[in-house]
Amino acid sequence: MFVNKNIVVLLILSAAIFGQNGLDPINIERSGQSGWQFLKINPDPRQAAMGGVLLVNKVANANVAFGSPAILGHIQDLDIQFNSMGWIADINHTSLAMSKGLGSYGTVAFSYVSLDYGEIPETIHEQRQGGTTAPVITGNYFTGSDLAIGVAYAKLITDKLALGANFRYIREEIAGLGMSNWAIDFSTLYYTGLNSLRLSIAARNFGSDTHLVGYSEELQSEPVDIRMPLEFRTGVAYDFFEVDGDKNYLTLVLEGKVQSDGSEKINFGTEYVFQEMLFLRGGYRFNYDAEGLTFGLGVNYPVGAYGLSFDYTYLDFGVLKQVNMFSFGLTF
């Protein structure tokens, strides 16, 4: 009976992600139609190691606030996570997440994200004879940065359904120009009752259009509205080889993503859990320009009434080389 249930689960996973409504989609290229691209970077090494999926809730920590805030509803302890990664093009990415359960009142979380682009050589187009121009490095430098500060809330509506939302203040600056905005994420987490099979829906990066302050004054033109990178995700997850009371199992997650500024994408992730202390993770991202293979590991170690955690993730970006992610956590 256990094998039959697993077969049923696999069929449900495939149908949920790849099911069609009988109409061929219209092939429209939407790349480059939004800004605020740093919001697409998920600072959580665990989710990133599993192919970038958002649906991970067993042994969850505060980092889920960055991706699917509904999962926070399953967290009651005070949890603090510090994350760091060297992003592509020598960009430094650091983040912090804190969450605390309030019993029957739900769970709240605070998050902070910062990107530092470092010093960038200034290049201008110099006028040449004949009306042509040529790029010239001036010897001056400028810099850029991104910031996101968020407050999230989640609550278990029933023992099977959790709802969550994350509100963020966001800001970008480059070469003295800047803009601020807000973004809201919504997500749900639902246990179907078929063993550990669970479903999740996430809608991310809702916000108003904006524009760089100073852009129109400097170029003497109307400001161009910068749109938010909206995305919608549907995921399904299942824990295999799980026995009641056993802390060893294998989780598979399949997730589909539709976004406002690019083609549809598929994320696949897996995680093997040993005694809920050692975690081995892997995944793959389909239909991305450069991203592909992901893998990582994690360790949870109890020390008295506290819990220490460490996570590492490797992301393959093809011609853009690789990204290494680290996370250190403390649970009270």
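Would you work out the relative contact order for the chain, in percent, from Cα pairs under 8 angstrom that are 6 or more residues apart? Provide the component values of the computation, followed by the final result.
Values: 881 pairs, mean separation 61.2, N = 332.
Result for the chain is 18 percent.
Would you give the gap between the C-alpha center of region 235-300 and the C-alpha center of region 152-190, rounded to a whole Å?
The two parts, judged by their Cα centres, are 22 Å apart.
Rounded to the nearest 0.05, what FRET efficiency do Q322 and I120 have when you use their Cβ-Cβ distance and R0 = 30 Å?
Values: r = 22 Å, r/R0 = 0.73.
E between Q322 and I120, to the nearest 0.05, is 0.85.
In whole angstrom, and with the biggest value first, how far do the Cα coordinates of region 143-200 range along each principal axis?
Here the Cα extents, ordered largest to smallest, are 54, 17, 10 Å.
What does the convex hull of the alpha-carbon atoms of the chain project to on average, in nm²?
Values: hull surface 82.8 nm².
Over every viewing direction, the Cα hull of the chain projects on average to 20.7 nm².
Any chance you could give the angle, 0 to 90 degrees and rounded to 10, that helix 2-18 forms with the longest Cα principal axis of the chain?
20
Please list the radius of gyration and Dmax for region 234-286, considering alpha-carbon atoms only, with Å as the unit.
13.8, 44
Which residue, R198, R281, R128, tops the fluctuation ranking in a GNM of the chain built on C-alpha contacts under 10 Å?
R128
Do the sum for the chain: with -39,500 (n - 2.57) for every DSSP H run of n ≥ 4, divided by all residues, what is the mean residue ellipticity at 222 nm, to the nearest 500 deg cm²/dmol? Show your work: numbers first, answer last.
Numbers: 3 runs with 27 residues, N = 332.
Computed ellipticity for the chain at 222 nm equals -2500 deg cm²/dmol.
Note the full-extension length gain between R171 and Q76 as 0.36 nm times their separation in residues minus their Cα-Cα distance, in nm to one decimal. Before the final figure, lay out the partial values.
Values: separation 95, 0.36 × 95 = 34.20 nm, distance 3.06 nm.
Result for the pair: 31.1 nm of gain on full extension.
Please find, in a Gaussian network model of the chain (springs between Cα atoms separated by less than 10 Å), the residue of D225, D209, D159 whose mean-square fluctuation is greatest.
D159
With labels modelled as points extended 7 Å from the Cα through the Cβ direction, what inter-label distance (nm, one decimal) is found for L330 paired with V299?
Spacing of the two 7 Å Cα→Cβ label points: 1.8 nm.
With springs connecting C-alpha atoms under 10 Å apart, model the chain as a Gaussian network and identify which of M98, M85, M179 has the largest mean-square fluctuation.
Highest fluctuation among the options: M179.
Starting from the Cα of F240, step 7 Å along the direction of its Cβ; do the same at L278; then give the gap between the two resulting points in nm.
2.0
Computed from the coordinates by the stated procedures, all read-outs in this text should not be read as laboratory data. The structure presented is a predicted model; accordingly, all values stated were derived computationally and were not measured. Neighbour counts run over all protein chains shown; Cβ positions are idealised from the backbone, glycine included.
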